[in-house]
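The structure appears below as structure tokens.
The values are calculated or read from the model by the stated rules, or taken from the named source; none is laboratory data. None of these values were measured; they are calculated from a predicted model. We place every Cβ from the backbone using ideal geometry, glycine too, and count neighbours over all the protein chains shown. Please note that ligands, DNA and RNA were not included when accessible areas were found on the heavy atoms of the full protein model with its side chains. Shrake-Rupley method; radii C 1.70, N 1.55, O 1.52, S 1.80 Å.
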Amino acid sequence: MSRGTAPSGPVTGTLDAVEEYAADEHGAEAYEAEACVAARVGGALEAVFDAVAQTRADTTALLARVAAEGRRPVTADLAALRPGLHLRLTRQELVSGVGFVAAPGVLADVPAWLEWWQSDAAGDVRPLLLDLDPRTSAYSDYTHWDWFALPRDTGRRAVAGPYVDYLCSDEYSLTLSAPVEVAGRFLGVAAADVYLRHFEAAALPLLRELPGPARLVNARGRVAASADPAHLAGSLTRGPDFAAVLESGSPGASTGLRLTPCRGVPLVLVVDGG
């Protein structure tokens, strides 16, 4: 689970550029098609975010109950999450792994913990067992990775990757995550993994419906899926402030690109020619 570099540069002439482009008939048709594709991509990922939201709700309720007992949670408490995690793995087609990742110091018996379950090639559900001892493990500090840092720092859900997931599966993956908070205190993230090959199978047919080169990027500009051979999955698109586009929820334009936020999920559809 790797960390990307945030692109720099404003989204210039955002609304004026889009309105001018959409004023002619050809532009209006293209704009409508791009908005439709962005919405359908959002719908495809919303099922994964539903799994994240359910995990978040279960975890928040569990940690609130423990706090009401006047004690700190321990790893044994998190076992109560497992029936729901197992159910999400078997029911959500795109989800390959799901769980709760505790912020350091939240649990009383260990410094860090992932209550994480994943499905293998045979469809069997199994736990992820990690060495998180800082003296022996390169993975002991996961707080700098985007899937953890973005929800912690923004208070919002995030899409991280794609990246080679050496932590969980050794697969090229996306991680969707959301913050877990109790009484205003950040306690960790609820998250779900999606293999990139599965996401591409869902997203590429939609991108290829558009007449021009198109790709999907996350808030940091990293390409999550692409029908544009000049911008491969995992590469960075620099220039526009994609986080600002997601914040606004409105289409924009910047340096020859048209930018359309995907409905409800933190990805931006990028099409050349804006």
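Conditions tested, residue by residue: (1) modelled with pLDDT of 90 or more; (2) more than 14 Å from Arg56 (Cα to Cα); (3) buried (at least 19 other Cβ atoms within 10 Å of the Cβ); (4) touching a strand residue (DSSP E or B) at 6+ places or on another chain (Cβ under 9 Å).
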residue	(1), (2), (3), (4)
Pro151	yes, no, yes, yes
Thr154	yes, yes, no, yes
Gly161	no, yes, yes, yes
Tyr172	no, yes, no, yes
Thr175	yes, yes, yes, yes
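Answer yes if at least one residue in region 226-234 is buried (at least 20 other Cβ atoms within 10 Å of the Cβ) and assigned to a strand (DSSP E or B), and no otherwise.
Yes, region 226-234 contains a residue that is buried (at least 20 other Cβ atoms within 10 Å of the Cβ) and assigned to a strand (DSSP E or B).
Residue-by-condition table, conditions (1) at pLDDT 50 or above; (2) open to solvent by 40 Å² or more (accessible area, probe 1.4 Å); (3) over 24 Å from Asp193 (Cβ atoms):
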residue: Ser8; (1), (2), (3): no, yes, yes
residue: Thr12; (1), (2), (3): no, yes, yes
residue: Leu15; (1), (2), (3): no, yes, yes
residue: Glu19; (1), (2), (3): no, yes, yes
residue: Ala23; (1), (2), (3): no, yes, yes
residue: Glu32; (1), (2), (3): yes, yes, yes
residue: Cys36; (1), (2), (3): yes, yes, yes
residue: Gly42; (1), (2), (3): yes, no, no
residue: Leu45; (1), (2), (3): yes, no, no
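Is it true that some residue in region 177-186 is out of contact with any Pro (no Cβ under 9 Å at 6 or more places or on another chain), of a type in the set (A, V, I, L, M, F, W, C) and crowded, with 16+ Cβ neighbours inside 10 Å? Please lay out each step first, then the result.
Restricting attention to region 177-186, the residues satisfying the condition of being out of contact with any Pro (no Cβ under 9 Å at 6 or more places or on another chain) are 181-185.
In the following step, the residues that additionally are of a type in the set (A, V, I, L, M, F, W, C) were identified as 182-183.
Pick out the ones that are also crowded, with 16+ Cβ neighbours inside 10 Å and you get 182.
Yes, some residue in region 177-186 is out of contact with any Pro (no Cβ under 9 Å at 6 or more places or on another chain), of a type in the set (A, V, I, L, M, F, W, C) and crowded, with 16+ Cβ neighbours inside 10 Å.
Across region 92-108, which residue is modelled with the highest pLDDT among those that are farther than 19 Å from Ser173 by Cβ and open to solvent by 50 Å² or more (accessible area, probe 1.4 Å)? Give the steps one after another, and end with the answer.
To start, the set of residues in region 92-108 that are farther than 19 Å from Ser173 by Cβ comprises 102-108.
Narrowing further to those that are open to solvent by 50 Å² or more (accessible area, probe 1.4 Å): 104, 108.
Details: Pro104: 93, Ala108: 97.
Filtering region 92-108 for residues that are farther than 19 Å from Ser173 by Cβ and open to solvent by 50 Å² or more (accessible area, probe 1.4 Å), the one modelled with the highest pLDDT comes out as Ala108.
Of all residues in region 109-132, which are touching a helix residue (DSSP H, G or I) at 6+ places or on another chain (Cβ under 9 Å) and open to solvent by less than 60 Å² (accessible area, probe 1.4 Å)? Don't jump to the end; show me each part of the working.
Applying the first criterion (touching a helix residue (DSSP H, G or I) at 6+ places or on another chain (Cβ under 9 Å)) to region 109-132 yields 109-110, 113, 115-119, 123, 125, 127.
Once the filter is applied, which keeps residues that are touching a helix residue (DSSP H, G or I) at 6+ places or on another chain (Cβ under 9 Å) and open to solvent by less than 60 Å² (accessible area, probe 1.4 Å), region 109-132 yields Val110, Glu115, Trp116, Trp117, Gln118, Ser119, Gly123, Val125, Pro127.
Report the residue count in region 192-208 for those that are in a strand (DSSP E or B), within 12 Å of Ala224 (Cα to Cα) and open to solvent by less than 10 Å² (accessible area, probe 1.4 Å).
Filtering region 192-208 for residues in a strand (DSSP E or B) gives 192-195.
With the extra rule that they be within 12 Å of Ala224 (Cα to Cα), the set shrinks to 194-195.
Those still in the list that are open to solvent by less than 10 Å² (accessible area, probe 1.4 Å) too: 194.
Residues flagged as in a strand (DSSP E or B), within 12 Å of Ala224 (Cα to Cα) and open to solvent by less than 10 Å² (accessible area, probe 1.4 Å) within region 192-208 amount to 1.
When you check Gly221 against the structure, is it over 18 Å from Ala35 (Cα atoms), small (Gly, Ala, Ser), open to solvent by 10 Å² or more (accessible area, probe 1.4 Å) and touching a Gly at 6+ places or on another chain (Cβ under 9 Å), yes or no? Please lay out each step first, then the result.
Working: over 18 Å from Ala35 (Cα atoms): yes; small (Gly, Ala, Ser): yes; open to solvent by 10 Å² or more (accessible area, probe 1.4 Å): no; touching a Gly at 6+ places or on another chain (Cβ under 9 Å): yes.
Here the answer is no, as Gly221 does not meet what is asked.
Out of (1) surrounded by 19 or more Cβ atoms within 10 Å (Cβ to Cβ); (2) of a type outside the set (Gly, Ala, Ser); (3) more than 19 Å from Thr175 (Cα to Cα), the odd one out for Arg65 is which?
(1)
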